[in-house]
Each structure stands twice: as C-alpha cells, then as structure tokens.
Amino acid sequence: MEDVQLVALDMDGTTLLPDLTIAQQTKEKISACIAKGTAVTICTGRTLAELKWELEELGDVPYVITGNGSAAWCLRDGTKLYEDTVSYDDAMHIMEILRPYDMRIEVYYDGKVFVNQHVLDHIVAYGATEFPEFILETRTAVEDIYAFMEKLQQPIDKFNLFFKSSTERQAAWDACVAAGYNVTSSFLQNMEVNSKTANKGNALKHLAQSLHIPAQAVMAVGDQLNDVSMLTYAGVPVAMGNAVSEVKELAVFITKSNAENGVAYALERYVLGGQA
C-alpha cells in the first residue's frame, strides 16, 4: 500500500464527537499528520459559515471541501480551488419539485445557509430535534425562500432539505434523481441536492490532482451516504464504526466509532505508523 499523502475527513459522525465537539486526541493526531507532511482536508456537507468553531479548533488544517463537493478551499490564503455549483435554472427546477411539501428548505449560497423565518421560528417541528441552537446560530433568515431564490438569480452550492415524513422524502428524492441531480443523505429524513456532477469524491479528486497526489495515496474517512463518493475515489477508504452499511462495504478498514475517537485511531494506524 502506498504511503498516505492526503487525508480527507468527514465532520459530523466522523471527526466530531456525538456532542459536536472534537476530542483532544483527535486534534493531536491531525496536527501530527500535518507536522509529518501529510496534507489534510475537511470534507463535509457543511458550508464555511457552519465550520467557524471547528476550523478554529483544527487550526493547522490547510484545506476544506464544503457543500458535499460544491467547493474546495485553501484556508491559508482563503482562495477557492474548485467549484461545482447548481445553476440558477436547475435550482429553480428543484424548487418546483419541492413546492408541494411542508418542509425545511436550506439554500447554501456564498458561504451562508438561507432558510425561511417561519421554519426557524418552529425549528424543532422542522427537523432540528438535536442541537437546535446550532441551527439557529448558523442560518440566515429570509421571509420567503421561494421569493429569495427568484430574486437571487445566481447559482447556489446545494440544497439541504428536511422532510416531515420519509414517504415525502422518497417521492422528492425519486423526482430529483429522475431529473439527473446528484442526491444524497447524511441522516434519516434529510436529503441533499447538488449539481449533476458535484460530490465529495469529485472535489477530493480535484484537490489531490492539484497537489500532485495519486488516488492510491489518498485516505478518506466517513460514515454516511454523502461520503460514498470520496471513499470510492480514495485508495484507502476507512469507515467509522458508526457508519451505515453502504459505507462499511467500501472500506478497507472499519475504525472505532466517533464516540471512541475513531479518526484518531485510523490516523495512527495508516499515517503515523503506530500500533493502533
């Protein structure tokens, strides 16, 4: 196996503990990898606005892939290295697919997350049963998300959607897939819609190529369906102990769960050379 030169880490359910903090052991192992000369990137469905505290905690990390692969950033100088957005016409088409449902529609645009004020006023009813404070702190309210989109007339990074029933989610999922969009999920009753070509794997491939690192020297660690593309691309795909079965089936190694600092365990095993 080729030495790992680039590590891609999902955040929620992977690098983050269940309470959304980062274990000291995990921070230390990530810093040790970077000190060794291994490139590290966060690879998440979140936008930059949702990563302020996490990026402060992981101050050494030089790269971040956001929006499930809609953009890749160099944090050292703030430059955008890669972009794959949803065109305005496609975004409006997706909005029409979603119109019949009473749901939480989050529009990721320009590093922010826009959502209806009515939804924020009733955030638990619209899916934020865990960590509602985080949602309220990281979202930007608009009066009407449809009117906001019609006025915006710009490409967006992605849609993050929360349905009140799995039946409605499946109906919308099938319609978006039939229209050719890239659809994935990070937990039950959630659905994320990107451009027809955007995913974590494509963005990770672009970043690796820009760093002249072959796929065989890339390690990716994840737990959910939106991590499948990056684990498929990486030469060293690692699944969390708490990962869904589709992710575990792709992995060359299943590490401990996020509650047990599984990222630190995997980094020690594959990058730092210890006996994990």
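The values are calculated or read from the model by the stated rules, or taken from the named source; none is laboratory data. Values in this document were obtained by computation on a predicted structure and should not be read as measured data. All Cβ positions, even for glycine, are placed from backbone atoms using ideal geometry, and neighbour counts span all protein chains on display. Areas reflect the complete protein model, heavy atoms only, side chains present, ligands, DNA and RNA absent. Shrake-Rupley method; radii C 1.70, N 1.55, O 1.52, S 1.80 Å.
Residues in segment 112-121: is at least one in a loop (DSSP other than H, G, I, E, B), within 17 Å of GLY45 (Cα to Cα) and either modelled with pLDDT of 90 or more or not charged (D, E, K, R) (or both)? Scanning segment 112-121, I find no residue that is in a loop (DSSP other than H, G, I, E, B), within 17 Å of GLY45 (Cα to Cα) and either modelled with pLDDT of 90 or more or not charged (D, E, K, R) (or both), so the answer is no.
Just need a number here: residues in segment 234-269 that are part of a helix (DSSP H, G or I) and open to solvent by less than 50 Å² (accessible area, probe 1.4 Å).
Here the count works out to 8.
Looking at the structure I just gave you, is ASP102 of a type in the set (D, E, K, R), within 26 Å of LEU51 (Cα to Cα) and either surrounded by fewer than 16 Cβ atoms within 10 Å (Cβ to Cβ) or touching a residue at least 40 places away in the same chain (Cβ under 8 Å) (or both)? Against the criterion (of a type in the set (D, E, K, R), within 26 Å of LEU51 (Cα to Cα) and either surrounded by fewer than 16 Cβ atoms within 10 Å (Cβ to Cβ) or touching a residue at least 40 places away in the same chain (Cβ under 8 Å) (or both)), ASP102 does not qualify.
The one condition from (1) modelled with pLDDT under 95; (2) surrounded by fewer than 20 Cβ atoms within 10 Å (Cβ to Cβ); (3) part of a loop (DSSP other than H, G, I, E, B) that GLU168 does not meet is (3).
Tell me, which residue of segment 197-231 that is part of a helix (DSSP H, G or I) and out of contact with any strand residue (DSSP E or B) (no Cβ under 9 Å at 6 or more places or on another chain) is farthest from MET11 (Cα to Cα)? Taking the candidates together, the pick is GLN209. Checking segment 38-54 against the condition returns no match, with no residue being on the phi > 0 side of the Ramachandran plot and either of a type in the set (Lys, Arg) or under 13 Å from the mean Cα position of the chain (by Cα) (or both).
If you go through segment 114-136 and keep only what is surrounded by 14 or more Cβ atoms within 10 Å (Cβ to Cβ) and within 15 Å of GLN189 (Cβ to Cβ), you end up with VAL119, ILE123, TYR126, GLY127, ALA128, ILE135.
Of all the criteria given as (1) assigned to a strand (DSSP E or B); (2) within 28 Å of PRO155 (Cβ to Cβ), the one not satisfied by VAL40 is (2). Among the conditions (1) within 30 Å of LYS151 (Cβ to Cβ); (2) of a type outside the set (A, V, I, L, M); (3) out of contact with any Phe, Trp or Tyr (no Cβ under 8 Å at 6 or more places or on another chain), CYS43 misses just one, which is (1). Evaluated against (1) in a helix (DSSP H, G or I); (2) surrounded by 16 or more Cβ atoms within 10 Å (Cβ to Cβ); (3) not basic (Lys, Arg), GLU28 falls short on exactly one condition, (2).
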